[in-house]
Amino acid sequence: MADKHPYTSGATGLTQTINQLRRAFPAQLTADTLKKLGIAPNNESYVLNTLRFISVLDADNKKNSVAVGVFNQHEDPDFQAGLSGLVKPAYDALFDLHGDDAWKLPTNRLIAFFRNHDHTSDIVGKRQASTFQALAVLCGQTEESVRSPSSKVKKADSTPRPPRAKPATQIKASESAVSLDAERAAMVPKADAVAAQGNGMALTVRVEINLPAGGDQETYDRIFKSIRENLLNGSNS
């Protein structure tokens, strides 16, 4: 048995290879065979190393006699039980420490075990953990990788939020808005303005006009005419 636990860069290639071997198991499985099958591109050697580690292949990548009876099982439960019998002794150090709970250990605890046992880097420890988890799924011991509590994705807050106010620059002026502003400006009490001037007070009225972007010259003329008649000349009437 290898000193260090195997790993692959992704679980897909390992899963595809084992499923392929269940359909047809060649006398010898090589990297060239995997390339022809289009399985685990650029990852062939890692998949083969994993299969040797769990005694599916021997040192020459030939079909191990122990694995023949396992991969000949047609029913999934029978195959999973047989594959579990290959994986468990290969990972004896892990199972000696955690027992059957090892199948469902969270990712972080698996990484901690592999890094301390094999003295591997963080990235290798993560890949060793994901490779074991992929085997656990193939063995029917768990349905998916068990994530650590800290890595679970938080649910999005379903509380409805009030819509953001649109910037003033996004509010398009309309002809009706212009007319309304002109009418409001015309409603300034003229008598009050005159009284204020008579008392020595100056009253300044600021009128804001929002011109319609799509208006023509006739529209603008009507607007300014209304202002002139109601505001500028109104005090003399």
Evaluation of H98 against (1) surrounded by fewer than 18 Cβ atoms within 10 Å (Cβ to Cβ); (2) not in a helix (DSSP H, G or I) (one fails), failing number: (2)
Positions within the stretch 31-41 being assigned to a loop (DSSP other than H, G, I, E, B) and surrounded by 10 or more Cβ atoms within 10 Å (Cβ to Cβ), in sequence order: I39, A40
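Which residue, of K63, K126, is at pLDDT 95 or above and assigned by TED's automatic domain parsing to the domain that holds T142?
Working: K63 fails: at pLDDT 95 or above.
Residue meeting the stated conditions: K126.
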Yes/no for L83 being in contact with a Cys (Cβ under 7 Å, 6 or more places away or on another chain) and part of a helix (DSSP H, G or I): yes
Looking only at the stretch 134-145, and only at residues there that are part of a helix (DSSP H, G or I) and touching a helix residue (DSSP H, G or I) at 6+ places or on another chain (Cβ under 7 Å), the one that is surrounded by the most Cβ atoms within 10 Å (Cβ to Cβ): L135
Any hit, the stretch 42-59, residues being assigned to a loop (DSSP other than H, G, I, E, B), closer than 17 Å to A129 by Cα and in contact with a His (Cβ under 8 Å, 6 or more places away or on another chain): no
Number of positions in the stretch 11-30 that are loosely packed, with under 15 Cβ neighbours inside 10 Å and either assigned to a helix (DSSP H, G or I) or not assigned by TED's automatic domain parsing to the domain that holds L138 (or both): 3
Pair list, Cβ < 8 Å and 6+ apart or interchain, from the stretch 51-80 residues that are hydroxyl-bearing (S, T, Y) to residues that are assigned to a loop (DSSP other than H, G, I, E, B): S55/N64
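The values are calculated or read from the model by the stated rules, or taken from the named source; none is laboratory data. Keep in mind that this is a model prediction, so the values were computed, not measured. Neighbour counts are summed over all protein chains in view; Cβ atoms, including those assigned to glycine, are modelled from backbone coordinates with ideal geometry.
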